[in-house]
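See structure below.
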Amino acid sequence: MTSSIEQAAQRSAAAAAAAAPVAAAPAPAPAVPPAPAVPAVAPATDRAPILRIAGAGKRFGGLQALSNVGLTILPGQIYGLIGPNGAGKTTFFNVITGLYQPDGGTFELAGKPYSPSAPHAVARAGIARTFQNIRLFGDMTVLENVMVGRHVRTRQAVLGAILRHRAAREEEAAIRARAQELLDFVGIGRFAGRTARHLSYGDQRRLEIARALATDPQLLALDEPAAGMNATEKLALRELLVKIRADGRTILLIEHDVKLMMGLCDRITVLDYGKVIAEGVPAEVQKNPAVIEAYLGAGH
């Protein structure tokens, strides 16, 4: 039955991809052997959850897009959010990261209440995100894109940039060095001087992740990072996410590729019609009757 869910999810993802613009065409994929499941990392249960949300709601006119949605993510987890098309995944992501104002709910980040009132405020609080459709500064260099992401952790303001005094110059040098470190970390350091729009599709995704990491987030929120990737690129992405987790980061991940999610995530929440229908470890979720019905319909 697991393979049936994955096949249904793949058909759903293919339909969504056909309707969405793609920044660059991925190269044809050679045959890639299936990757083994990632060993679960014991979460830091003696610390407050990185993210705790309860009772989140969002209405658009007469449409109740989210109803009493919540989740709890512990430090060091890779946490997945899945569901059929239109389930409310991206709406929930947008609420968490401040793009949409919630109609209700409680929100805590690292044990402290936070208000998802605006994206810049959420980024400063410690949540960084990427988007389903790539959003880079195409005419800036790869290095400059990552430097921009560092602005929420800088002290010098406009006056320092104009006067170019010693503190401003030192801070800019530190930002540049950190940006290069992050590019090396995600595997595209050799492209630092290249214009961002000239990167391959997979490397553009890596650049977005590096820019998000430049904010020093407590939680890295990735919206369909594998969308449009071929099998080789997905395997490389999987390895990168494991590397990020090993570096001490916590990840929240939306993805249509159920097979990737089941082999990568520590826990998964499933949404359907704006409501949570299942939550647990992947082995539990993929056998849940409500999840099977959501992807395949009644009677399966």
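Run the quick spin-label model on Thr232 and Arg194: label points 7 Å from Cα toward the beta carbon, then report their separation in nm to one decimal.
Placing both labels 7 Å beyond Cα along the Cβ direction yields 1.4 nm.
Please list, or write none, the aspartates and glutamates whose alpha carbon is within less than 13 Å of the alpha carbon of Lys243, excluding same-chain residues fewer than 8 places away.
Result set, ordered by chain and number: Asp184.
What dipole magnitude, in Debye to the nearest 20, does segment 132-283 give about its Cα centre under +1 on Lys/Arg Cβ and -1 on Asp/Glu Cβ? Intermediate values should be presented prior to the final figure.
On the way: 23 positive and 20 negative charges, 95 e Å.
Roughly 460 debye for segment 132-283.
Heavy-atom accessible area of Asp203 with all protein chains present, probe 1.4 Å, nearest 10 Å²?
30
Using a/c under 1.5 as the rounded threshold, could you call segment 193-243 rounded, prolate or oblate? The axes a ≥ b ≥ c are square roots of the C-alpha gyration tensor eigenvalues, and prolate needs a/b larger than b/c, oblate otherwise. List each step's numbers first, then the result.
Numbers: a/c = 1.95, a/b = 1.11, b/c = 1.76.
Here segment 193-243 falls in the oblate category.
How would Met262, Met140 rank on accessible area, largest to smallest, probe 1.4 Å?
Met140, Met262
How would Lys89, Lys243 rank on accessible area, largest to smallest, probe 1.4 Å?
Numbers: Lys89 15, Lys243 90 Å².
Final ranking, largest accessible area leading: Lys243, Lys89.
Can you give the local net charge around Val69? Use residues other than it whose beta-carbon is closer than 9 angstrom to its beta-carbon, Lys and Arg +1, Asp and Glu -1. Kindly include the intermediate steps, with their values, before the conclusion.
On the way: positive: Lys58, Lys275; negative: none.
My count for the surroundings of Val69 gives +2.
Checking the table Lys58/Lys234; Lys112/Lys259; Lys58/Lys259; Lys89/Lys259; Lys58/Lys287 against a 25 Å threshold on Cα-Cα, which pairs fail?
Values: Lys58/Lys234 32 Å; Lys112/Lys259 34 Å; Lys58/Lys259 29 Å; Lys89/Lys259 17 Å; Lys58/Lys287 29 Å.
Exceeds cut-off: Lys58/Lys234; Lys112/Lys259; Lys58/Lys259; Lys58/Lys287.
At R0 = 45 Å, how high is the FRET efficiency between Glu144 and Asn68 if r is their beta carbon distance? Nearest 0.05 is fine. Each step should come with its number before you reach the end.
Working: r = 43 Å, r/R0 = 0.94.
According to the calculation, E is roughly 0.60.
Please list, in order along segment 218-226, the HN-Hα scalar couplings obtained from phi with the Karplus expression 6.51 cos²θ - 1.76 cosθ + 1.60 (θ = phi - 60°), rounded to whole Hz, x for Gly and Pro.
Coupling constants for segment 218-226: 7, 9, 9, 9, 10, 9, 6, x, 8 Hz.
Round to the nearest 0.05 the FRET efficiency obtained for Phe60 and Ala283 when R0 = 35 Å and r is the Cβ-Cβ distance. Don't skip to the end; give the middle numbers.
Numbers: r = 35 Å, r/R0 = 1.00.
For R0 = 35 Å, the calculated efficiency reads 0.50.
Roughly how many Å is it from the Cα centre of segment 221-254 to that of segment 95-133, as a whole number?
21
Once R0 is set to 22 Å, what does the formula 1/(1 + (r/R0)^6) return for the Cβ-Cβ distance between Ala118 and Lys275, expressed as a FRET efficiency to the nearest 0.05? Display every interim value, and only then the final one.
Numbers: r = 26 Å, r/R0 = 1.20.
So the FRET efficiency works out to roughly 0.25.
The values are calculated or read from the model by the stated rules, or taken from the named source; none is laboratory data. Quantities reported herein were computed from a predicted structural model and do not represent experimental measurements. Glycine also receives a Cβ, built like all others from the backbone with ideal geometry; neighbour counts cover every protein chain displayed. What goes into the accessible areas is simple: the full protein's heavy atoms, side chains included, and nothing from ligands, DNA or RNA. Shrake-Rupley method; radii C 1.70, N 1.55, O 1.52, S 1.80 Å.
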